Amino acid sequence: MIEVREIGVVVDDVILLAPISVSARRGEALIVRGRNGSGKSTLLRVLAGARKPSTGEARIAGASVLERDPRFRRRVAAMIGLPPLAADLTVVDHLMLVATTWADDRRAAATLAHVILDELGLTGLAERFPHELSSGQTQLLGLALVLARPFEVLILDEPEQRLDPEHLATVIRVLRARRDAGATLVVATHSAVLADELGDRTLHLGVAA
């Protein structure tokens, strides 16, 4: 599903990501670990089509990474930082906006939105506005918005941020269900718990050969 061959990123003579090669199969969770500054987020941005590599090539499902290609956008979903939120839309409004964009009809979008809210324990917050959420709840909303769209590959940068152990366990369970259903996951994390309970393989960045 994912093939990375000698991908490296250099900006103004600063190495953001030293060249690496890695692959991930369908239904596999690849965990990316390393110190701050080792290139975790940079690698994820390359895979999501948000940054072009200086060297090497990344391919997903046999095709080049092209952010503007509708087929790529339907295949790959990413949360790298929190998405922009509208102050005058509720939690469920946000999910309906995303789900309706991708679903065939509004009824299917509504069903999906409420299923995701229930999975992440956000049903009781459905009518709240973003400013009424805690930082952890906002993190869960960001994840919910990614899950509300179609994907074969899910790219997540530190989804454990701002979550207490109970909510982290919820996120792990939800992500494991997506992996077991056939999605390929690439997750950068500092959480040993998430890495151990979700990951099938681990890529360590910033480690000398």
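The values are calculated or read from the model by the stated rules, or taken from the named source; none is laboratory data. Worth saying up front: this structure is predicted, and the values here are computed from it rather than measured. Cβ coordinates were reconstructed from backbone atoms using ideal geometry, including for glycine residues, and neighbour counts include every protein chain displayed.
Here's the yes/no breakdown for (1) in a helix (DSSP H, G or I); (2) farther than 25 Å from Glu158 by Cβ; (3) not charged (D, E, K, R):
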{"residue": "Arg68", "(1), (2), (3)": "no, yes, no"}
{"residue": "Pro83", "(1), (2), (3)": "no, no, yes"}
{"residue": "Arg107", "(1), (2), (3)": "yes, yes, no"}
{"residue": "Leu117", "(1), (2), (3)": "yes, no, yes"}
{"residue": "Gly124", "(1), (2), (3)": "yes, yes, yes"}
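If I ask for residues that are more than 17 Å from the chain's Cα centre (by Cα) and hydrophobic (A, V, I, L, M, F, W, C), which ones from segment 174-209 would you list?
Ala192, Val193, Leu205, Val207, Ala208, Ala209
Out of segment 18-58, which residues are in contact (Cβ under 8 Å) with a residue 40 or more places away in the chain, among the hydroxyl-bearing types (Ser, Thr, Tyr) and surrounded by fewer than 17 Cβ atoms within 10 Å (Cβ to Cβ)?
Result: Ser54, Thr55.
Kindly indicate whether Arg128 is surrounded by fewer than 19 Cβ atoms within 10 Å (Cβ to Cβ) and in contact with a Phe, Trp or Tyr (Cβ under 6 Å, 6 or more places away or on another chain).
Spelling it out, it is not the case that Arg128 is surrounded by fewer than 19 Cβ atoms within 10 Å (Cβ to Cβ) and in contact with a Phe, Trp or Tyr (Cβ under 6 Å, 6 or more places away or on another chain).
Quick check on segment 89-97. Is at least one of its residues hydroxyl-bearing (Ser, Thr, Tyr), surrounded by 14 or more Cβ atoms within 10 Å (Cβ to Cβ), at pLDDT 95 or above and closer than 25 Å to Val10 by Cα?
Taking every residue of segment 89-97 in turn, none turns out to be hydroxyl-bearing (Ser, Thr, Tyr), surrounded by 14 or more Cβ atoms within 10 Å (Cβ to Cβ), at pLDDT 95 or above and closer than 25 Å to Val10 by Cα.
Which of the residues belonging to segment 59-70 are of a type outside the set (A, V, I, L, M), without any contact (Cβ under 8 Å) to a residue 40 or more places away in the chain and surrounded by 11 or more Cβ atoms within 10 Å (Cβ to Cβ)?
If the condition is that a residue be of a type outside the set (A, V, I, L, M), without any contact (Cβ under 8 Å) to a residue 40 or more places away in the chain and surrounded by 11 or more Cβ atoms within 10 Å (Cβ to Cβ), then Ser64, Glu67, Asp69 are the ones that fit.
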